[in-house]
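One structure is given here, and the rest of the page talks about it.
The values are calculated or read from the model by the stated rules, or taken from the named source; none is laboratory data. Keep in mind the model is a prediction, meaning the values are calculated, not measured. As a convention, Cβ positions derive from the backbone with ideal geometry for all residues, glycine included, and neighbour counts pool all protein chains shown.
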Amino acid sequence: MRGTRGPASLSRTFNPTMLALARESRGETQSGLARTIGITQGHISRIEAGQSPASDAIISDVVDALGYPEHFFFMDEPVYGPGVSEFFHRKHNTSTKVLNRMHANLNVRRIHVARLMAAAELNSENIPRLNPRDFGSPEAVARAIRSTWNLPPGPVEDLTSAVEDAGGIVLHCDFGTRDVDGVSRWIPGLPPMFFLNRDMPGDRMRLTLAHELGHVVMHRAPRPEMEEEAYSFGRELLMPEDEIRPHFQRVTVHSLAEMKPFWRVSMAALLYCAGELGAISERQRRTLYMQLGSRGFRRQEPPELDVPIEKPTLLQEIVQMHQNDLGYTVDELADLLALKTEEMLSLYDVTMTHEERRRRLRAVG
Ligand SMILES: [Zn+2]
């Protein structure tokens, strides 16, 4: 392992798909990139379509303009389009450019996971594929997952670590938009991946992760009822009916505020749950919803009730394993992930040796 510079799947030919991926991940258009490097948009377009070769001079300009190391553009990696969970997620007002950028970045992160996982073994057996029709309901699937994972009754203390213990990878990402909360992917040969928008409060991250887990477990192909199923799954996973119902004896804004830190879900989600379980009438639900709104809690719930953000650690541990057990230096890790070292250091929590720190300081100074 040690000393293998550059990734195994590195090919000797320029890969036009990687150029498009790099460009989109930086939110750059063909015309913008063409302007930056002083060629025509038609030229870039033909290079990306594989109709025109990329000269060494152009490759070198592209490397400077897009901030990826040269071997990024020579990788032989697949690029995936939107997954099953996104079938109904797209909001109509989100621009294609923003979504393209997000998907490009998720593809880049997927490549990181694939490269890091090549040296690690992860058992994802505890994230099974279950059909809600076989179980009777998505709630029953959620209960099956709770029992597979040996979760104690009541609130899920740390959903992220529960998912990671089961062999899922959770990543907090800069989506470049607030319109998408989360995306999940289960690509053959890799563990299930859960990408969460890092610009969300902790309670919303948990609900999003539970929802995406529902998609991963229940949905191989899109079907009309899948959104509702994922919501029901997430609700039962985080707020199991049998255990939460007694807490809904008398639902008020005050009682919702009291329940939030215990269940670690938003007051709005608790209210919604009370309505779904029939613990309150439709009329009560509407009144309470208006009361939340009049106090400004629909925009932002009281900061003192903030649910702590759960920190994923699994991918981080695999990065550290490369350093500690496989002897990767910081630069070799950056090489493995096809990133410039600075960017790698901004994405992953990497421990630097004294010598590496000194060299970096000198380079920066
Ligand atoms: Zn969904």
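Rundown of residues vs (1) part of a helix (DSSP H, G or I); (2) modelled with pLDDT of 95 or more, yes/no style:
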| position | (1), (2) |
| --- | --- |
| HIS112 | yes, yes |
| SER124 | no, no |
| ASN150 | no, yes |
| VAL156 | no, yes |
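What about LEU207, is it within 15 Å of the ligand (Cβ to nearest atom), crowded, with 24+ Cβ neighbours inside 10 Å and under 20 Å from GLN300 (Cβ atoms)? Yes; evaluated as a whole, the condition is true for this residue.
Consider region 303-312 and keep the residues that are more than 15 Å from ARG198 (Cα to Cα) and not charged (D, E, K, R). The one that is surrounded by the fewest Cβ atoms within 10 Å (Cβ to Cβ) is PRO303.
Out of all the residues in region 178-204, which are under 10 Å from the mean Cα position of the chain (by Cα) and either more than 15 Å from the ligand (Cβ to nearest atom) or not acidic (Asp, Glu) (or both)?
Start the filter on region 178-204 by keeping residues that are under 10 Å from the mean Cα position of the chain (by Cα), which leaves 181-185, 193-198.
Of everything in region 178-204, those that are under 10 Å from the mean Cα position of the chain (by Cα) and either more than 15 Å from the ligand (Cβ to nearest atom) or not acidic (Asp, Glu) (or both) turn out to be GLY182, VAL183, SER184, ARG185, MET193, PHE194, PHE195, LEU196, ASN197, ARG198.
Among the listed residues THR40, THR17, which satisfies the condition of being β-branched (Val, Ile, Thr), closer than 14 Å to TYR68 by Cβ and modelled with pLDDT of 95 or more? One residue alone meets the criteria, THR17. Scanning region 197-254 for residues that are at pLDDT 95 or above and small (Gly, Ala, Ser) returns GLY202, ALA210, GLY214, ALA230, SER232, GLY234.
Residue count for region 178-201 under the criterion of being among the small types (Gly, Ala, Ser) and either under 22 Å from ASP306 (Cβ atoms) or surrounded by fewer than 19 Cβ atoms within 10 Å (Cβ to Cβ) (or both): the result is 2.
Checking each residue in region 227-260 for being touching a residue at least 12 places away in the same chain (Cβ under 8 Å), among the small types (Gly, Ala, Ser) and surrounded by fewer than 23 Cβ atoms within 10 Å (Cβ to Cβ) picks out SER232, ALA257. Among residues of region 297-309 that are touching a residue at least 40 places away in the same chain (Cβ under 8 Å), those with a Cβ under 8 angstrom from a residue that is in a loop (DSSP other than H, G, I, E, B), sequence gap 6+ or separate chain, pair up as GLU301/PRO201; GLU301/SER266; ASP306/PRO201; VAL307/PRO201; VAL307/ARG264; VAL307/VAL265; VAL307/SER266; ILE309/PRO201.
Listed by first and then second residue, the pairs with beta-carbon distance under 6 Å, at least 6 apart or on different chains, first residue in region 80-109 and closer than 17 Å to PHE194 by Cα and touching a residue at least 40 places away in the same chain (Cβ under 8 Å), second part of a loop (DSSP other than H, G, I, E, B) and within 16 Å of the ligand (Cβ to nearest atom), are VAL84/HIS219; VAL84/PRO222; PHE87/PRO222; MET102/PHE175. Only helices (runs of 4 or more DSSP H) whose full extent lies in region 269-365 are considered here, and the ones with at least 2 residues that are under 30 Å from PRO240 (Cα atoms) are 282-294, 314-324. I'd like to check something: does region 167-177 contain any residue that is surrounded by fewer than 24 Cβ atoms within 10 Å (Cβ to Cβ), touching a Leu at 6+ places or on another chain (Cβ under 6 Å), in a loop (DSSP other than H, G, I, E, B) and modelled with pLDDT of 95 or more? Yes, because at least one residue in region 167-177 is surrounded by fewer than 24 Cβ atoms within 10 Å (Cβ to Cβ), touching a Leu at 6+ places or on another chain (Cβ under 6 Å), in a loop (DSSP other than H, G, I, E, B) and modelled with pLDDT of 95 or more.
Among what's in region 217-258 and is within 16 Å of the ligand (Cβ to nearest atom) and of a type in the set (Lys, Arg), pick the residue that is nearest to GLY167 (Cα to Cα). Steps first, please.
Step one: filter region 217-258 for residues within 16 Å of the ligand (Cβ to nearest atom), giving 217-238.
Checking which are of a type in the set (Lys, Arg) leaves us with 220, 223, 235.
Values: ARG220: 18, ARG223: 26, ARG235: 22 Å.
Result: ARG220.
Here is the figure for region 41-99: residues that are within 19 Å of the chain's Cα centre (by Cα), in a loop (DSSP other than H, G, I, E, B) and within 16 Å of the ligand (Cβ to nearest atom) total 8.
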